[in-house]
């Protein structure tokens with residue numbers, strides 16, 4: 001969001017044929033930090049989290065490895081979040097459409 005926080009994203013998806021199956025690797029990284037209004041700590045401009053006065057400060061990394069063969073798939077995933085706030089979600093992620 002302009003003048004509230006910044007979020008940088010890096011992602012990669014790779015498919016590798018393995019015999020008559022396929023191995024898919026999906027890697028993602030998000031770096032979210034305060035910017036503009038959120039960084040100034042103006043009234044009413046805050047994110048949820050702990051001990052950070054509402055300032056956006058979060059990093060999220062995830063990986064998903066999926067082996068597919070015929071109509072079957074088996075996946076193994078891992079996610080790690082760090083920082084002083086929750087992952088920022090626009091409009092608290094309530095699913096409302098604009």
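The values are calculated or read from the model by the stated rules, or taken from the named source; none is laboratory data. Because the structure is a prediction, the values reported are computed rather than measured. Backbone-built Cβ (ideal geometry, glycine too); neighbour counts: all protein chains shown.
Key figures
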| quantity | calculated |
| --- | --- |
| Subset of region 10-47 (residues that are part of a strand (DSSP E or B), at pLDDT below 95 and under 30 Å from residue 69 (Cβ atoms)) | 18 |
| Residues that are surrounded by 10 or more Cβ atoms within 10 Å (Cβ to Cβ) and within 17 Å of residue 15 (Cβ to Cβ), drawn from region 67-87 | 67, 68, 69, 73, 74, 75, 77 |
| Extreme residue, nearest to the chain's Cα centre (by Cα), among residues of region 3-22 that are surrounded by 15 or more Cβ atoms within 10 Å (Cβ to Cβ) and in contact (Cβ under 8 Å) with a residue 40 or more places away in the chain | 7 |
| Region 48-98, subset modelled with pLDDT of 90 or more and assigned to a loop (DSSP other than H, G, I, E, B), residue farthest from the chain's Cα centre (by Cα) | 70 |
